[in-house]
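> Pasting a structure below so you can have a look.
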Amino acid sequence: MSSKPKEDEAKKDPREAVDRSCCGPVLFLAFSAVAWLLVYSFFALLAGVKVHASGMMADSAWLAYGRIQPASLLALQFGFLVQLGLAVSAWILSHRGKTVLVDGGYLVFGGLLWNAGVTLGFIGILNGNSSGLEGLPMPGEVLPLLFFGFVLVGLSLVQTNNRRTDEEMSPAQWFLFAATLWLPWVLAGSYLLIHFFNAKGVVANIVDWWFIHNFVKVYLTFVGLGTLFHFLPAMTGRALAGRGFAQFGFWVLLLFGSMGGVGPGAPVPAWLSALSTVTAVFYFFGVIAVWVSLKRTINGVTAADSSDSLAYNLMRLAAVIFVTVSALNVFFAFPGPGSVAEFTIYGPAKELLFSLGFVGVTLIAALYHVFPRLAGIDFSPRMTRIQNAAIILGVLGATLPAALGGLMSGDAVLGSGFYFASVGQLLLFVGSLVLFVNLLGAVFFAMKNCGCLSSICCGIKKKEAGT
Amino acid sequence: MTIGLSFLCGLLASSVSYFMLGLWWPVALLVGGFAWLAFGLLDVKMNSTFTLLGGMLLIFCVSLSAMVLRANDQLSGLQFANTQDEEGTEFRYPVPLLGQARYGEKIYKASGCVACHTQQVTHESVELDVKAMAGEKNHAAAQEAVSRFYRSTGRKTSGGAALGLPVGEWETIETGLNPADASKARNFLAAAGASVDVQVRFRGEDLMQNEHSNPEGRGWGRRRSVAQDYLFAEPPMLGSVRIGPDLANVGARHTRDALMRILLNPRIIRKDSKMPQHRFLFEEADEGEQGRHIIQDGDKAYKPTADAEALVDYLLSLKGANYPLPEAPVNQPFTSSLPDPAPAPAEEAAKTTQPVEADK
């Protein structure tokens with residue numbers, strides 16, 4: 001795909017040309033991400049209900065709790081978070097670099113491959129072909145598909161970043177660039193070690209823990225932080241304070257986020273658990289550095305443009321959740337508190353709070369800012385209010401009671417926290433349904449107004465049929 | 001970057017290379033100094049993709065080698081170990097899955113049992129009790145050794161053995177010692193010529209219940225799980241959340257019939273069970289069909305499919321946390337209080353030293 005004519009345009013009116021180049025591919029990724037969020041929240045709700053009503057749908061192997069629960073997590077992590085992360089990264093990298101998105105077609109094609117991979121993995125788990133591991137529950141065969149899909153999208157993002165107008169890279173660009181490269185590396189590494197070299201015994205689990213630790217502590221964190229590092233200064237109209245802190249944070253988070261994730265009593269050599277504790281403590285220094293930088297940037301100011309105030313407030317909430325969960329992580333990384341929390345439903349609840357409450361909310365807020373600029377039409381304000389309330393309350397409601405209940409009642413016991421969590425899941429489902437309908441409606445309205453969407457409308461229609 | 005921040009980076013680099021990568025300390029210092037210089041004096045700018053990419057590749061290699069490859073080096077050589085069952089019959093452990101159990105493992109994997117059940121028994125701590133017996137000849141020396149032990153570990157020297165060791169009788173020196181203190185007590189007493197007896201107790205919610213030493217035990221295994229247990233698991237389904245009980249030792253806890261009923265409808269066994277029913281592993285029995293395998297649930301009768309049989313075969317094969325291994329011994333009571341004829345002194349000494357060393 002040649003981008004010459006677009007570049008000439010960019011000189012005349014950079015922002016508009018940048019948005020036009022992003023429009024199709026970014027909206028395609030964002031739309032399929034939101035569709036996967038809907039899939040996630042539906043299946044998570046179903047999984048919760050199955051715990052309360054043990055005889056419900058017991059005749060169907062496809063809907064066993066042990067199948068829909070990992071499948072729903074796959075939809076959340078690989079379907080929703082990664083795709084929306086890529087969409088937002090593409091927009092930020094081209095905006096920060098003041099350059100058009102290079103080869104946006106790769107984004108669409110890579111996105112299609114990625115969606116095919118997630119769909120096959122999702123169906124594979126429901127069908128009983130799960131790999132039995134927790135970080136990478138999908139059948140091993142879909143991993144190459146996911147890898148190539150991501151690499152295609154990544155190629156476009158890396159090229160866009162290389163063609164940036166200013167030589168200087170801002171922290172937002174470091175974080176997003178690093179995230180874009182990091183996930184394919186760990187994905188390929190884990191695939192090769194587990195499925196190609198057939199890691200024996202608990203080595204397979206160690207690789208799996210290594211993957212999920214890298215996925216959460218490096219990939220998701222970096223996407224969330226990169227988005228915050230772009231939007232918080234941009235929305236307040238201030239320059240980012242404390243670039244040195246951000247730099248320190250970047251390297252510390254990368255170094256210590258890439259190792260660890262082994263629980264205190266795991267049946268592996270004891271140095272692995274000790275290493276995990278050490279890295280968790282050092283990782284927190286990176287979190288503090290990043291927090292100082294962000295805090296000094298936004299201290300005492302509100303969004304410069306009132307239309308951004310919603311996204312801005314959501315991002316501030318997400319930043320608070322990020323720091324809170326990170327502080328909890330350090331506390332529970334020590335063997336004493338760690339063995340209290342180990343195996344309880346505190347663990348998954350905290351993971352959900354981190355991935356949806358921090359990364360998910362950040363990316364949704366970014367979508368609120370990006371979407372009107374790309375589609376030329378805003379979301380319906382009333383539905384936006386409903387979906388925000390439902391998603392925020394849903395995330396908190398699904399995680400906080402479960403986490404507290406898990407800590408209080410211990411493992412192998414389901415306290416009443418689980419019942420409250422289902423109310424949260426229900427709210428989350430309502431919220432993502434409204435968000436989906438809202439986005440769908442806005443896209444349809446936009447297609448009447450804007451020609452740029454017609455090129456990908458076939459893709460969207462296919463996607464609708466698929467989900 | 002300021003000089004202070006770059007110094008922190010250097011400190012970080014050197015401590016990582018010394019403590020985690022285990023490099024020789026001058027090399028670690030060099031690495032730290034290099035990082036300090038690179039970030040501070042040479043002022044590496046984070047503006048080129050090359051800088052970022054270089055740093056990332058370095059960190060990726062460190063992460064992969066420090067965590068994954070090192071663990072693989074350590075674990076890939078695991079072989080069979082000798083162990084014994086409760087009756088004392090020796091066998092080679094672990095036993096590969098036999099018959100339908102291998103297929104049952106696939107059913108376990110496909111049904112996602114790992115979402116609610118772990119297969120790893122943990123322990124919280126190990127405690128050792130020490131007893132000693134002194135003869136007339138070495139009584140004074142043994143008494144001195146006991147006081148020396150109490151002084152060196154900062155214990156109160158009143159009451160119990162401190163008042164005086166009886167001659168020719170076993171006397172408890174101390175209970176609930178950690179391995180380091182226990183080996184100290186053993187060394188002092190053995191040097192003074194007294195006979196020493198050590199009891200090893202493992203504590204932890206997951207282990208067998210014992211009124212005195214482990215009152216909170218849930219009886220999920222006799223010892224903690226170690227990497228050796230999963231030599232033949234494809235893959236080991238360790239799990240990270242316990243919504244239900246741990247299954248590492250389930251084969252030793254339940255019978256075939258009980259497991260079948262739990263799979264069909266757990267509330268037949270436990271009224272308040274939260275476990276989902278797995279009716280898809282069963283089919284309705286024909287009218288008038290009789291046999292042990294028929295399960296009544298309410299007004300319907302079910303019989304297990306081949307999948308259910310295989311799954312239960314697999315579950316019954318899970319007995320890993322039962323058999324002692326050198327790196328994961330089970331509780332060892334005082335040999336002196338066993339009803340059996342006392343073993344020869346040399347053998348006894350070997351037995352008492354073994355667990356202490358194994359836990360270091």
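Values quoted throughout were computed directly from the atomic coordinates according to the rules given, and no laboratory measurement underlies them. Since the structure is predicted, the reported quantities are computational estimates derived from the model, not experimental observations. Ideal geometry is used to build each Cβ from the backbone, glycine not excepted, and the neighbour counts take in all protein chains shown.
> How many percent of all Cα-Cα pairs in chain B sit more than 32 Å apart? All intermediate terms of the calculation are to be shown ahead of the outcome.
Details: 36199 of 64620 pairs.
Looking at chain B, the distances longer than 32 Å represent 56 percent of pairs.
> Something else about it: Can you list the residues of region A:102-145 with backbone N under 19 Å from a point 7 Å past the Cα of A:Asn162, pointing along Cα to Cβ?
Correct set: A:102-108, A:110.
> May I ask for the distance between the Cα centers of region B:49-69 and region A:83-152, given as a whole number of Å?
A separation of 23 Å, based on Cα centres.
> Next question. Using only Cα atoms, what is the ratio of the radius of gyration of region A:4-466 to 2.2 N^0.38 Å? Can you show the working numbers first?
Values: Rg = 21.1 Å, N = 463, 2.2 N^0.38 = 22.7 Å.
For region A:4-466, the normalised Cα radius of gyration is 0.93.
> Net charge within 12 Å of A:Ala90 by Cβ-Cβ distance, Lys/Arg positive one each and Asp/Glu negative one each, not counting A:Ala90 itself?
Details: positive: A:Arg96; negative: A:Asp19, A:Asp103.
Once positives and negatives cancel, what remains is -1.
> Among rounded, prolate and oblate, which fits the protein assembly as shown when a ≥ b ≥ c are the square roots of the eigenvalues of its C-alpha gyration tensor, a/c under 1.5 means rounded, and a/b larger than b/c means prolate? Don't skip to the end; give the middle numbers.
On the way: a/c = 2.41, a/b = 1.50, b/c = 1.61.
Oblate, because a/c is 1.5 or more while a/b does not exceed b/c.
> Nearest 10 degrees, 0 to 90: what angle lies between the long axis of helix A:82-96 and the longest principal axis of chain A (Cα atoms)?
For helix A:82-96, the angle is close to 30 degrees.
> Report, in degrees rounded to the nearest 10, the 0 to 90 angle that the Cα long axis of helix A:221-236 makes with the longest principal axis of chain A.
40 degrees
> Right, here's the next one. Tell me which trypsin sites (Lys or Arg not before Pro) from region B:192-289 have a DSSP coil assignment and no more than 12 other beta carbons within 10 Å of their own. Mind dumping the intermediate values first?
Values: sites: B:Arg201, B:Arg203, B:Arg218, B:Arg222, B:Arg223, B:Arg224, B:Arg242, B:Arg253, B:Arg256, B:Arg261, B:Arg267, B:Arg270, B:Lys271, B:Lys274, B:Arg279; in loops: B:Arg218, B:Arg222, B:Arg223, B:Arg224, B:Arg242, B:Arg253, B:Arg270, B:Lys271, B:Lys274.
Loop-located and lightly packed - B:Arg270, B:Lys271.
> Chymotrypsin sites (Phe, Trp or Tyr not before Pro), restricted to region A:173-214: which are DSSP loop and have at most 15 other Cβ atoms within 10 Å? Intermediate results must be reported in sequence, preceding the final value.
Working: sites: A:Trp174, A:Phe175, A:Phe177, A:Trp182, A:Trp185, A:Tyr191, A:Phe196, A:Phe197, A:Trp209, A:Trp210, A:Phe211; in loops: A:Phe197.
Answer by residue number: A:Phe197.
> Related question: Filter the trypsin sites (Lys or Arg not before Pro) in region B:291-328 down to the DSSP loop ones having no more than 11 other Cβ atoms within 10 Å, then list what survives. It would help to have the intermediate numbers written out before the result.
Values: sites: B:Arg292, B:Lys300, B:Lys319; in loops: B:Arg292, B:Lys319.
Of the trypsin sites (Lys or Arg not before Pro), the ones in loops of region B:291-328 whose Cβ has at most 11 other Cβ atoms within 10 Å are B:Arg292.
> Another question about this same structure. Taking +1 at the Cβ of each Lys and Arg and -1 at the Cβ of each Asp and Glu, which of B:Pro236, A:Leu27, A:Pro139 sits farthest along the dipole of the protein assembly as shown towards its positive end, judged by Cα position relative to the Cα centre?
Positive-end residue among those listed: A:Leu27.
> Chain A: longest stretch without exposed GluC sites (Glu not before Pro) (DSSP loop, at most 12 other Cβ within 10 Å), sites themselves excluded? Can you show the working numbers first?
On the way: sites that count: A:Glu167, A:Glu168.
Longest gap between qualifying sites, sites excluded: A:169-467.
> Can I ask one more? As an exercise, find the ratio Rg/Rh for region A:348-390 from alpha-carbon atoms, using the Kirkwood inverse-distance average for Rh.
Numbers: Rg = 12.4 Å, Rh = 11.5 Å.
The Rg/Rh ratio comes out at 1.08.
> Let me ask something else. Would you calculate a helix-derived [θ] at 222 nm for chain A, using -39,500 (n - 2.57) for each DSSP H run of n ≥ 4 and dividing by the full residue count, to the nearest 500? Intermediate results must be reported in sequence, preceding the final value.
Numbers: 18 runs with 336 residues, N = 467.
Dividing the helical sum by the residues of chain A leaves -24500 deg cm²/dmol.
> Sticking with this one: GNM on chain B, C-alpha springs below 10 Å: top fluctuator among B:Leu231, B:Leu29, B:Leu259?
B:Leu29
> What FRET efficiency, computed as 1/(1 + (r/R0)^6) with R0 = 60 Å and r the Cβ-Cβ distance, is obtained for A:Asn127 and A:Ala304, rounded to the nearest 0.05? Intermediate values should be presented prior to the final figure.
Values: r = 51 Å, r/R0 = 0.85.
According to the calculation, E is roughly 0.75.
> How many angstrom lie between the Cα centre of region B:232-302 and the Cα centre of region A:217-231?
After rounding, the separation between the Cα centres reads 45 Å.
> Please build a GNM for chain B, connecting alpha carbons under 10 Å apart, and tell me which residue among B:Leu247, B:Leu30, B:Leu78 fluctuates the most.
B:Leu30
> When each pair of different Cα atoms in region A:85-150 is counted once in the 1/r mean, what is the Kirkwood radius in angstroms, to one decimal? Mind showing how you got there, number by number?
On the way: mean 1/r = 0.0759 Å⁻¹.
One over the average 1/r among Cα pairs gives 13.2 Å for region A:85-150.
> State, as an integer percentage, the relative contact order of region A:4-466 based on alpha-carbon contacts under 8 Å between residues 6 or more apart.
Working: 712 pairs, mean separation 75.4, N = 463.
In percent, rounded to a whole number, it is 16.
> Taking +1 at the Cβ of each Lys and Arg and -1 at the Cβ of each Asp and Glu, which of B:Ala71, B:Leu98, B:Leu29 sits farthest along the dipole of region B:15-127 towards its positive end, judged by Cα position relative to the Cα centre?
B:Leu29
> Longest span of chain B, sites excluded, free of GluC sites (Glu not before Pro) in DSSP loop with at most 12 other C-beta atoms within 10 Å? Mind dumping the intermediate values first?
Numbers: sites that count: B:Glu86, B:Glu87, B:Glu136, B:Glu169, B:Glu211, B:Glu216, B:Glu287, B:Glu289.
Within chain B, the longest run free of exposed GluC sites (Glu not before Pro) spans B:1-85.
> On a 0 to 90 degree scale, rounded to 10, what angle separates helix A:270-298 from the longest Cα axis of chain A?
The answer is roughly 30 degrees.
> Extending each Cα 7 Å along its Cβ direction at B:Leu53 and B:Glu87, get the distance between those two points in nm, one decimal.
6.7 nm
> Just from its helices, what would the mean residue ellipticity at 222 nm be for chain B, if runs of 4 or more DSSP H residues each count -39500 (n - 2.57) and the sum is divided by every residue, rounded to the nearest 500 deg cm²/dmol?
On the way: 10 runs with 122 residues, N = 360.
Calculated at 222 nm, the ellipticity per residue is -10500 deg cm²/dmol.
> Applying 1/(1 + (r/R0)^6) with R0 = 35 Å to the Cβ-Cβ distance of B:Thr175 and B:Glu284, what FRET efficiency is obtained, to the nearest 0.05? The partial results should precede the final answer.
Working: r = 57 Å, r/R0 = 1.64.
About 0.05, to the nearest 0.05.
> Is any helix in chain B, taking whole DSSP H runs, at least 15 angstrom long along its axis by alpha carbon and on average at least 1.0 on the Kyte-Doolittle scale, and which ones? Mind dumping the intermediate values first?
Numbers: long enough: B:3-15 (18 Å, 1.82); B:25-40 (22 Å, 1.64); B:49-63 (21 Å, 2.06); B:139-152 (20 Å, -0.56); B:179-191 (18 Å, -0.17); B:306-317 (17 Å, 0.70); B:345-358 (20 Å, -0.79).
Within chain B the helices that satisfy the rule are B:3-15, B:25-40, B:49-63.
> Now, a different point. When chain B is modelled as a GNM with alpha-carbon springs shorter than 10 Å, which of B:Gly217, B:Gly288, B:Gly99 fluctuates the most?
Among B:Gly217, B:Gly288, B:Gly99, the largest GNM mean-square fluctuation belongs to B:Gly288.
> What are the semi-axes of the equivalent ellipsoid for region A:275-370, taken as the square roots of 5 times the Cα gyration tensor eigenvalues, largest first, in whole Å?
On the way: eigenvalues 176, 51, 15 Å².
Equivalent ellipsoid semi-axes, largest first: 30, 16, 9 Å.
> Under a plain spin-label model, where a point goes 7 Å from the Cα along Cα-to-Cβ, how far apart in nm are B:Gln209 and B:Lys300?
Here the modelled spin labels are 3.5 nm apart.
> To the nearest 0.05, how large is the calculated FRET efficiency for B:Leu5 and B:Val167 if R₀ is 60 Å and r is the Cβ-Cβ distance? Let's see the in-between values first.
On the way: r = 69 Å, r/R0 = 1.15.
The pair B:Leu5/B:Val167 has a calculated efficiency of 0.30.
> Please label the shape of region B:223-291 as rounded, prolate or oblate, based on the square roots a ≥ b ≥ c of the eigenvalues of the alpha-carbon gyration tensor (a/c under 1.5 means rounded; beyond that, a/b larger than b/c means prolate, else oblate).
On the way: a/c = 2.36, a/b = 1.89, b/c = 1.25.
Taking the square roots of the gyration eigenvalues as a ≥ b ≥ c, region B:223-291 is prolate.
> Let me confirm one metric for peptide A:129-142, namely the mean number of other chain beta-carbon atoms within 10 Å of its residues' beta-carbons. Walk me through the intermediate numbers first.
Values: counts 3, 6, 2, 14, 6, 7, 1, 0, 4, 0, 0, 0, 0, 0.
Across the residues of A:129-142, the mean count of other-chain Cβ atoms within 10 Å is 3.
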